[in-house]
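Enquirer: The structure's right below; bear with me while I get my questions together.
The values are calculated or read from the model by the stated rules, or taken from the named source; none is laboratory data. Given the structure is predicted, the values throughout are model-derived calculations rather than measurements. Positions of Cβ are backbone-derived with ideal geometry, glycine not excepted, and every protein chain shown enters the neighbour counts. We work out accessible area using only protein heavy atoms, side chains counted, and drop any ligands, DNA or RNA first. Shrake-Rupley method; radii C 1.70, N 1.55, O 1.52, S 1.80 Å.
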Number of protein chains: 2
Amino acid sequence: MQQNIINIRDLEFQLFELHRVDDFLKYDRYADHNRETLQAALDLALKVAEEEFAPHTRLVDEEEPIFENGRVVMRPEVKKALDVLRETGLLAASQDYERGGMQLPSAVGQMCVGLLKGANVGTQAYAGLTIAAANLILTQGSEEQKTRYAEPMLSGRFFGTMCLTEPHSGSSLGDLRTRAEPAGDGSYRLKGNKIFISAGDHELSDNIVHMVLARLPDAPPGVKGISLFIVPKFLVNDDGSLGERNDVALAGLIHKMGYRGTTSTMLNFGEKEGAVGYLVGEPHNGLAAMFHMMNEARIGVGLGSVMLGYTGYLHALEYARERRQGRPVGNKDPQSPQVPLIEHADIRRMLLTMKAYVEGGLSLALQGARLVDEKKVAQTGEEQEMAAGLLDLLTPLIKSWPSQFCLEANSLAIQVHGGYGYTREYPVEQFYRDNRLNPIHEGTHGIQGMDLLGRKVSMAGGRYYQELLRRIAATVDEASSDPKLADNARRLAATVESLKEATDCIQAVKQEGQVERALANASLYLEAFGHTVVGWLWLRQALAATKGLDEGGPQPAAFYEGKLKACDFFSRYELPRVQGLTQLLREVDATALEMEAEGF
Amino acid sequence: MQQNIINIRDLEFQLFELHRVDDFLKYDRYADHNRETLQAALDLALKVAEEEFAPHTRLVDEEEPIFENGRVVMRPEVKKALDVLRETGLLAASQDYERGGMQLPSAVGQMCVGLLKGANVGTQAYAGLTIAAANLILTQGSEEQKTRYAEPMLSGRFFGTMCLTEPHSGSSLGDLRTRAEPAGDGSYRLKGNKIFISAGDHELSDNIVHMVLARLPDAPPGVKGISLFIVPKFLVNDDGSLGERNDVALAGLIHKMGYRGTTSTMLNFGEKEGAVGYLVGEPHNGLAAMFHMMNEARIGVGLGSVMLGYTGYLHALEYARERRQGRPVGNKDPQSPQVPLIEHADIRRMLLTMKAYVEGGLSLALQGARLVDEKKVAQTGEEQEMAAGLLDLLTPLIKSWPSQFCLEANSLAIQVHGGYGYTREYPVEQFYRDNRLNPIHEGTHGIQGMDLLGRKVSMAGGRYYQELLRRIAATVDEASSDPKLADNARRLAATVESLKEATDCIQAVKQEGQVERALANASLYLEAFGHTVVGWLWLRQALAATKGLDEGGPQPAAFYEGKLKACDFFSRYELPRVQGLTQLLREVDATALEMEAEGF
């Protein structure tokens, strides 16, 4: 049952030849692992993805969960798939042994979940959110909270959610109004309304652990007055058994264009006596706590976008190889047989564009996951700080770039299918709808752009940004000495140069105090930066492919040649986009900023 | 009941200040018309669009037509809306009086239908296809066919369809297999299967007139052996009354991601004794006949894309003005009230991008419609030839550019709405799904690119292409003398220069006999060409706005200022895209062409 989730050769190439995840195996944390155990985890995840998740992808899109008599009712295939997943232990793939985890490198753990995303993003979300919520407790909670809530989440007995957004407070989290009053016994009583809570209600697990942002009575206004709480659907007794139903009510479901298998809920906390909640970490420190896990959550969103784009690409590739339509330019004989679509130059260009986007996106997401690992195994404080800083810098790109360009890959997958592509009889239109949510999930491009340009680039005096440029320059140097890659190296160097100039111009305007103008085109800066970084990763893929060719690596020659071609493609077809953007950015253009509202 | 279909000021500006449609009123054909009658037709169309079409847009998306006991069953609102439309006479807006038409200029007639597209593209398609099919009979059919079929179509008693595609023959029309055998009485009997036939069955009109491409027994292979037939659902007696049911059977419905209100059908012709059909025009000349009306059909698709983008833009604009979220950069006071979204630079940039795309797209579609009018009223053969040639040249752009960039506007409309944007509780996600069909309808970007670069640019020795460049240069000259526009004029001139260079490089490679390589990036050439032409139209809009400001034109100053700003925006943010594309095109890059199928 081939489900077109991923090209296994590419996955192996990226994990082991490009990102060299097996380098980590020398560290104590991964002492029990070897190449085979990593492979076994991925094989297991792929098997579950293909056999349990992929088959009902369309079904949960067509028959989305409904709200009936106060309950969420959904297709039984969802629970069945998640029950199988729970048994594999993969929910805790990267967690510590002592929490019931497998202690797999993050890149492998993320990829295990990524395969489920590619197979069925709607069903996967219940698991993905649980992992994120558990991570939050594990990094921020007390030992008791870890045992009582996080461990049952990692084993899949409880599932989790993130409750941030309120009807009047989306991106502007500082304006949230949910209140938490101390109950006198160390617990709190919460009252407020949350919206867009994915997986906010269901009967897929024994319990649901909501991670809720709310304000304490003495909270300062804005983002500095937000605290984080655990609010379980059912209270949890000391022995881990379930107690009373908490005062959390499902107020309704939201109906989306994609991810239709995942309930998106409105939840009312404290309609009656107040929902029982437990403070996680320090008072008023909730947003910082939330951001602590956001790097991984954002890598998760980015990887999800990649995987949706990837499966669309593979479906389009298969279709282009099988479907016969028309004849090549120059063949004037109408009686000659029609050729497969892939023989047409424009189809091949679209497939190569998709390949460049999805494989480039995958290497970007895995670069992020690799930095998570580097942080974990760092031998010195300095190494750890640098890994953490680079990860912070790249996170907005990892979140945004795939959600822009792998969505574009999904659009191209429709285009390759022609009229069939937009019918619900073929799978690619659903991937396109599903992926359209990702440019908004976990912060829009606008938010990510402000984060990158307003904070990350200049963080620590620009240290991480400089280090990234240094690493890119090292790759350029290495590639320059290979005649096959020198041209691409030169193009990347020119691209980096234009990005640097743009950055300098913007920083100068910022230092003059024109902060609003400096940040006005932050989204476009994000796009230019993302393309540059993906161009770097493509050049590294080309170097790894060259090595594979020269040293007789594990993949067939045609695979490595395809990588070289895709690198050529990215540097010739895609990098020029950066020049166009940086032209504008260098001028720190204020056209949009100065547009009068009445002029629209 | 404001439905956010169009900005009336912009419509009036584009029709009367930019494209000066009232210039045509001096010709005999339009002698009965004046500015008021044109306005009255538009007002009527807008009223029908707002009152009858828009209110059930979501309804037909959610409850699409179903196939029940061999019949198509759909929401009653569709018939009600089309019944009202029929009474207005707008189906024949641009047709001759003698056929029951209003003899309105094409730009106005197209726009009347365009307003319906913006309101409810699914319901509108029944009307749009009827107009297209009637046009085909009026330009290619016999007098008897015009009376018997086209006139009842123009009055709305019959509706029409286009039956081109077959399961194995989509873009490659030359491979179609439906056969037509002479019956001996001048009629034919057709047998074959058609797919993706929009509006292929329904009970909205007394009869359905299918325009069917099929092969005669002695037909040469390929596109030179295709003939065009009228195949009515019910035979039509000499007195115009309906006779027997013809042998055309509905085999099933196709389910799409958008345009869900329009049935997309599989039709079987001649399951029993053969479907009765009547040859239109000469044998084996069907494709040429079809292409004869395709210019207008393609303008229709382009305008439809514009209108879907336009309504998305207006919804996003309204939302951005009303929804309060966050505070401007630099305001650190969390207790200050949240500001409307439109106050944020990134939101304003997205709105301005949308404005540039949809108003630019509208001016492009109307430029096409204007050329249709110029063709009709031309006083000399030369004038007529030039209008026809320019229209031929621009048609692939008019079809493609809006379906790429106004779709992008729909995506931005979602983005402006944040999480609400992807919910079905808000309208913008439907516009995005609806518009995603248009890059495929009436020929993909790939097909349009080949048409532009492979045929249109070099047609008549490049005469029309040269004339277009000459007209652009004239606009550049005019704008150069205005200090406020000189910078934009310079940018456009540089863009045109790079497009010309790319064209020359490609033509040189073509002349060396490397046709496949020359055409390999035709889609990107189409994109670069489209952006250049829209840049030209934006500069013309800026000139017209300047005139409006200087001479106290009918619109408020803020409106004209907004146009100037949007022109700045297009030339600063969008034209650089052309430089990136032409860099690649100048090199006549063959990377994608040379990619081996095994490399993917």
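Enquirer: What do you reckon, is residue B:230 part of a strand (DSSP E or B), within 11 Å of chain A (Cβ to nearest Cβ) and not hydroxyl-bearing (Ser, Thr, Tyr)?
Expert: Details: part of a strand (DSSP E or B): yes; within 11 Å of chain A (Cβ to nearest Cβ): no; not hydroxyl-bearing (Ser, Thr, Tyr): yes.
Against the criterion (part of a strand (DSSP E or B), within 11 Å of chain A (Cβ to nearest Cβ) and not hydroxyl-bearing (Ser, Thr, Tyr)), residue B:230 does not qualify.
Enquirer: Please pick out the residue among A:221, A:182, A:217 that is open to solvent by 40 Å² or more (accessible area, probe 1.4 Å) and within 14 Å of chain B (Cβ to nearest Cβ). Explain how you work it out, then say what you get.
Expert: Values: A:182 fails: within 14 Å of chain B (Cβ to nearest Cβ); A:217 fails: within 14 Å of chain B (Cβ to nearest Cβ).
It is A:221.
Enquirer: Still on this structure, I have one more. Test of understanding: among B:535, B:552, B:530, B:548, which residue is modelled with pLDDT of 95 or more and at positive phi?
Expert: Checking each option against the conditions leaves just B:552.
Enquirer: Look at residue B:43 and say whether it is in a helix (DSSP H, G or I) and either among the acidic types (Asp, Glu) or modelled with pLDDT under 95 (or both).
Expert: Details: in a helix (DSSP H, G or I): yes; either among the acidic types (Asp, Glu) or modelled with pLDDT under 95 (or both): yes.
Yes.
Enquirer: Could you tell me which of the residues B:130, B:165 is within 23 Å of residue B:262 (Cβ to Cβ) and open to solvent by 20 Å² or more (accessible area, probe 1.4 Å)?
Expert: Details: B:130 fails: open to solvent by 20 Å² or more (accessible area, probe 1.4 Å).
B:165 is the lone residue from the list that is within 23 Å of residue B:262 (Cβ to Cβ) and open to solvent by 20 Å² or more (accessible area, probe 1.4 Å).
Enquirer: Filter region A:575-600 down to the residues that are open to solvent by 10 Å² or more (accessible area, probe 1.4 Å), among the acidic types (Asp, Glu) and either in a helix (DSSP H, G or I) or within 7 Å of chain B (Cβ to nearest Cβ) (or both) and list them by number.
Expert: A:594, A:596, A:598
Enquirer: When you go through (1) surrounded by 21 or more Cβ atoms within 10 Å (Cβ to Cβ); (2) within 23 Å of residue A:263 (Cα to Cα) one by one for residue A:107, which number turns out not to apply?
Expert: Of the numbered conditions (1) surrounded by 21 or more Cβ atoms within 10 Å (Cβ to Cβ); (2) within 23 Å of residue A:263 (Cα to Cα), the odd one out for residue A:107 is (2).
Enquirer: Which residues, counting only those in region A:327-339, are open to solvent by 30 Å² or more (accessible area, probe 1.4 Å) and more than 7 Å from chain B (Cβ to nearest Cβ)? Please lay out each step first, then the result.
Expert: Pass one, region A:327-339, residues open to solvent by 30 Å² or more (accessible area, probe 1.4 Å): A:327-335, A:337.
Answer for region A:327-339, where residues must be open to solvent by 30 Å² or more (accessible area, probe 1.4 Å) and more than 7 Å from chain B (Cβ to nearest Cβ): A:327, A:331, A:332, A:333, A:337.
Enquirer: Which of the residues spanning region A:38-51 are surrounded by fewer than 16 Cβ atoms within 10 Å (Cβ to Cβ) and touching a residue at least 60 places away in the same chain (Cβ under 8 Å)?
Expert: Passing the criteria: none in range.
Enquirer: Could you check region A:9-40 and list, in sequence order, the residues that are within 17 Å of residue A:311 (Cα to Cα) and either more than 20 Å from the chain's Cα centre (by Cα) or at pLDDT below 95 (or both)?
Expert: If the condition is that a residue be within 17 Å of residue A:311 (Cα to Cα) and either more than 20 Å from the chain's Cα centre (by Cα) or at pLDDT below 95 (or both), then A:9 is the only one that fits.
Enquirer: OK, next. Quick check, is residue B:348 within 22 Å of residue B:564 (Cβ to Cβ), open to solvent by less than 40 Å² (accessible area, probe 1.4 Å) and free of Cβ contacts under 8 Å to residues at least 60 places away in the same chain?
Expert: yes
Enquirer: Could you list, in sequence order, the residues of region A:279-288 that are surrounded by 21 or more Cβ atoms within 10 Å (Cβ to Cβ) and either in contact with a Lys or Arg (Cβ under 9 Å, 6 or more places away or on another chain) or in a helix (DSSP H, G or I) (or both)?
Expert: Within region A:279-288, A:286, A:287 qualify.
Enquirer: Next question, about the same structure. Taking the conditions exactly as written (part of a helix (DSSP H, G or I) and more than 14 Å from chain A (Cβ to nearest Cβ)), does residue B:311 satisfy them or not?
Expert: So residue B:311 fits the description; yes.
Enquirer: Sticking with this one: Report, by residue number, each residue of region A:418-437 that is touching a Phe, Trp or Tyr at 6+ places or on another chain (Cβ under 7 Å) and either crowded, with 24+ Cβ neighbours inside 10 Å or basic (Lys, Arg) (or both).
Expert: Scanning region A:418-437 gives A:429, A:434, A:436, A:437.
Enquirer: Determine which member of the set A:72, A:60 is of a type in the set (Val, Ile, Thr) and farther than 25 Å from residue A:212 by Cβ.
Expert: None of the others qualify; the one that does is A:60.
Enquirer: Do any helices (runs of 4 or more DSSP H) entirely within region A:344-449 hold 2 or more residues that are within 11 Å of chain B (Cβ to nearest Cβ), in contact with a helix residue (DSSP H, G or I) (Cβ under 6 Å, 6 or more places away or on another chain) and farther than 30 Å from residue A:198 by Cα, and if so, which?
Expert: In region A:344-449, the matching helices (runs of 4 or more DSSP H) lie at A:345-377, A:381-417.
Enquirer: Residues to consider are A:244, A:203, A:271; find the one that is surrounded by fewer than 17 Cβ atoms within 10 Å (Cβ to Cβ) and under 29 Å from the mean Cα position of the chain (by Cα). First the steps, then the outcome.
Expert: On the way: A:244 fails: under 29 Å from the mean Cα position of the chain (by Cα); A:271 fails: under 29 Å from the mean Cα position of the chain (by Cα).
Result of the check over A:244, A:203, A:271: A:203.
Enquirer: So, one more: For the structure I just gave you, tell me whether residue A:324 is open to solvent by 10 Å² or more (accessible area, probe 1.4 Å), facing chain B (nearest Cβ under 8 Å), under 26 Å from residue A:404 (Cα atoms) and of a type outside the set (Gly, Ala, Ser). Give the steps one after another, and end with the answer.
Expert: Working: open to solvent by 10 Å² or more (accessible area, probe 1.4 Å): yes; facing chain B (nearest Cβ under 8 Å): yes; under 26 Å from residue A:404 (Cα atoms): no; of a type outside the set (Gly, Ala, Ser): yes.
In short, no.
Enquirer: Next question, about the same structure. Under 9 Å between Cβ atoms, which residue pairs at least 6 apart in sequence (or on different chains) link something in region A:92-104 that is over 12 Å from residue A:30 (Cβ atoms) with a partner that is open to solvent by 30 Å² or more (accessible area, probe 1.4 Å) and part of a loop (DSSP other than H, G, I, E, B)?
Expert: A:92/A:100; A:92/A:102; A:92/A:155; A:93/A:102; A:95/A:102; A:100/A:155
Enquirer: Here's something else I'd like to know. Picking from A:473, A:486, A:479, which residue would you name as being among the small types (Gly, Ala, Ser) and either open to solvent by less than 20 Å² (accessible area, probe 1.4 Å) or within 11 Å of chain B (Cβ to nearest Cβ) (or both)?
Expert: Checking each option against the conditions leaves just A:479.
Enquirer: Output the number of the condition that residue A:442 fails; it satisfies all remaining conditions of (1) modelled with pLDDT of 95 or more; (2) out of contact with any His (no Cβ under 8 Å at 6 or more places or on another chain).
Expert: Condition (1) is where residue A:442 drops out.
Enquirer: Further question: I'd like the residue in region A:544-572 that is surrounded by fewer than 17 Cβ atoms within 10 Å (Cβ to Cβ) and part of a loop (DSSP other than H, G, I, E, B) and, out of all such residues, is nearest to the other protein chains (Cβ to nearest Cβ).
Expert: A:556
Enquirer: Right, here's the next one. In the list B:266, B:211, which residue meets the criterion of being within 23 Å of the chain's Cα centre (by Cα), assigned to a strand (DSSP E or B) and more than 19 Å from residue B:184 (Cβ to Cβ)? Walk me through it before giving the result.
Expert: On the way: B:266 fails: within 23 Å of the chain's Cα centre (by Cα).
Unique residue meeting the criteria: B:211.
Enquirer: Within region A:511-543, can you find the residues that are part of a helix (DSSP H, G or I), among the small types (Gly, Ala, Ser), within 11 Å of chain B (Cβ to nearest Cβ) and within 26 Å of the chain's Cα centre (by Cα)?
Expert: A:522, A:523
Enquirer: Which of the residues spanning region A:80-97 are in a helix (DSSP H, G or I) and either farther than 20 Å from residue A:369 by Cβ or of a type in the set (Ser, Thr, Tyr) (or both)?
Expert: A:80, A:81, A:82, A:83, A:84, A:86, A:87, A:88, A:97
Enquirer: Give me the residue from region B:156-185 that is under 20 Å from the mean Cα position of the chain (by Cα) and in a strand (DSSP E or B) and, out of that set, nearest to residue A:328 (Cα to Cα).
Expert: B:163
Enquirer: Let me ask something else about it. From A:165, A:161, A:147, A:139, which residue is among the β-branched types (Val, Ile, Thr), more than 30 Å from residue A:377 (Cβ to Cβ) and more than 14 Å from every other protein chain (Cβ to nearest Cβ)? Spell out how you get there, then give the answer.
Expert: Details: A:165 fails: more than 14 Å from every other protein chain (Cβ to nearest Cβ); A:147 fails: more than 30 Å from residue A:377 (Cβ to Cβ); A:139 fails: more than 30 Å from residue A:377 (Cβ to Cβ).
Every option except A:161 fails the conditions.
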